[in-house]
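Rule-based calculations on the coordinates, nothing more; no lab input. This one's a predicted model, so the numbers in the text were calculated from it and none came from an experiment. When we count neighbours, we look across all protein chains shown, and the Cβ atoms used for this are built from the backbone with ideal geometry, even at glycine.
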Amino acid sequence: MDALRCIPIVLTLAMALYASPCPSEVWPQHTVRIILPLPAGSGTDLAARLFAERLAERWRQPVIVENVPGADGILGVTRFVSSHDEHTLLFSFAGPITINPLIHEDLPYDPRRDLVPIASAIDNFFAIATPISLGVDSIDKLIALAREEPGKLNWTATAGLPQYIFTALQKSAGLEMAFVPYRELTLALQDLSESRVHVMATGVSSLLPQVQTGKVRLLMVTSRQRSPLAEDVPTAAEAGHPELLFEGIVGFYGWRDIASDLKERIAADVRAVAEDSAMVARLRSVGVAVQAGTPAEFAAEIEDQRSKLAPILRDAKPAN
């Protein structure tokens, strides 16, 4: 008899559980934190904060950005992975996933297991530049000059993808050039403008002030599209070097075992936010292009970058 009395209670509980939305359907339930493995003040930081502001409107929950810079992005990614929080997302450049596993023997995270691509968001533009006084106005002329005088020209680059882009060029063109390391970007830019450094690979926005002084020329950008800050500068493909196509993709990553439907929903929200014309214009003004896609497209972009970088780092030890 007691067992019979329990049946209605069990059925009621079962129906209540069945009717309750699953966690992914009600996400987010409170404040969402976005970890950015870069310092404040950059174009990527601005993008993270603009996306956070508009996603907060869609999600009806606060969205905050936490800057955790340092160690090639390792500190920020480690903070994200160790948080074990389903209300924390990572907004990162691809280096911690595509480059770090190739140059660091021991990482405190597994890029394939711990970082799930959700959606790309922006493209940071990188460029190869030379002093006007060098007298070259194209990549091919730079290659010809470097071949005529092997070992005479030098180069520098910001750490990470720009450095490996130019390493790729040297490898494919068979160039012999000396790498000049710098601790501070401002010193490198100053030496470039004064012709003490002959070639530099870095972000377009960093190079633009030197271009505006009339001392530095951009030879090409490495993205599929031209930079909004330098629309007269050819892309890698337009310059005749499609092998140098390396985009500065930045996007959102989720935690290990994130529900597939939630991943797709966040990606859809990111795409919707990316359609905001005011945000697109604001980002273009600092040299950043909005580039949002599906989880599958983002994962494919990451894999493409990883596969292109692997032989570069395997065959040519990066300069340091």
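Counting Lys and Arg as +1 and Asp and Glu as -1, what is the net charge of the other residues whose Cβ lies under 12 Å from the Cβ of residue 64? Neighbour charge sum, excluding residue 64 itself: 0. Partners of residue 308 within straight-line reach, counting lysines whose Cα lies under 30 Å from its Cα and excluding those fewer than 8 residues away in the same chain: 141, 152, 171, 263, 317.
Taking 7 Å steps out from each Cα toward its Cβ at residue 79 and residue 159 produces label points 1.7 nm apart.
Between the residues 155, 82, 186, the greatest Cα displacement towards the positive end of the dipole of the chain, with unit charges on the Cβ of Lys, Arg, Asp and Glu, is found for 186. Helix 260-274 axis versus longest C-alpha principal axis of the chain: approximately 50°, rounded to the nearest ten. Positive end of the dipole of region 23-147 (Cβ unit charges, origin at the Cα centre): among 115, 132, 59, the Cα lying farthest that way belongs to 132.
Taking amide H positions as modeled 1.01 Å from N, with prolines and chain starts lacking one, the residues under 5 Å from residue 124 and 5 or more places away or on another chain are 248, 249, 250. The relative contact order of the chain comes to 25 percent, based on Cα pairs under 8 Å that sit 6 or more residues apart. Reported to the nearest whole Å, the Cα centre-to-centre distance from region 33-54 to region 221-270 is 16. Under Stokes-Einstein, with the Kirkwood radius over Cα pairs as Rh, the value for region 57-157 at 20 °C and 1.002 mPa s is 123 µm²/s. What is the antiparallel percent of DSSP beta bridges lying wholly in region 126-221, to the nearest 5? Looking only at bridges with both residues in region 126-221, the antiparallel portion is about 65 percent.
Fewest to most neighbouring Cβ within 10 Å: what's the order for 233, 77? Walk me through the numbers on the way to the answer.
Numbers: 233 21, 77 27.
Going from sparsest to densest Cβ surroundings: 233, 77.
Computed from Cα positions, the angle between helix 161-173 and the longest principal axis of the chain comes to roughly 50 degrees.
Which trypsin sites (Lys or Arg not before Pro) from region 109-182 combine a DSSP loop assignment with at most 13 other Cβ atoms within 10 Å? Before the final figure, lay out the partial values.
On the way: sites: 112, 113, 141, 147, 152, 171; in loops: 152.
In loop regions of region 109-182 (DSSP not H, G, I, E or B), the sparsely surrounded trypsin sites (Lys or Arg not before Pro) are 152.
Backbone phi angles across region 81-86, fed through the Karplus curve with coefficients 6.51, -1.76 and 1.60 (θ = phi - 60°), yield HN-Hα couplings of 5, 7, 5, 6, 10, 7 Hz in residue order; Gly and Pro are listed as x. Using the Cβ of residue 52 as centre and a radius below 14 Å, the other residues enclosed give a net charge of 0, where K and R count +1 and D and E count -1.
Sort 302, 103 so the one with the fewest other Cβ atoms within 10 Å of its own Cβ comes first.
Numbers: 302 21, 103 16.
Ranked by crowding around the Cβ, least crowded first: 103, 302.
Using a ≥ b ≥ c from the Cα gyration tensor of region 172-291 (square roots of the eigenvalues), is it rounded, prolate or oblate, where a/c under 1.5 gives rounded and otherwise the larger of a/b and b/c decides, a/b for prolate? All intermediate terms of the calculation are to be shown ahead of the outcome.
Values: a/c = 2.15, a/b = 1.84, b/c = 1.17.
Here region 172-291 falls in the prolate category.
Where does helix 2-19 land angle-wise versus the long Cα axis of the chain, in degrees 0 to 90, nearest 10? On a 0 to 90 degree scale, this one is about 30. Here region 246-301 is assigned +1 on the Cβ of each Lys and Arg and -1 on the Cβ of each Asp and Glu. Its dipole about the Cα centre then comes out at about 180 debye. Note on region 126-221: Cα Rg divided by 2.2 N^0.38 Å, N the number of residues, gives 0.95. Starting from 0.36 nm per residue, how many nanometres of slack lie between residue 256 and residue 278 once their C-alpha separation is accounted for? Length gained, residue 256 through residue 278: 4.6 nm. Here the chain is treated with +1 on each Lys and Arg Cβ and -1 on each Asp and Glu Cβ, and its dipole about the Cα centre works out to around 260 debye.
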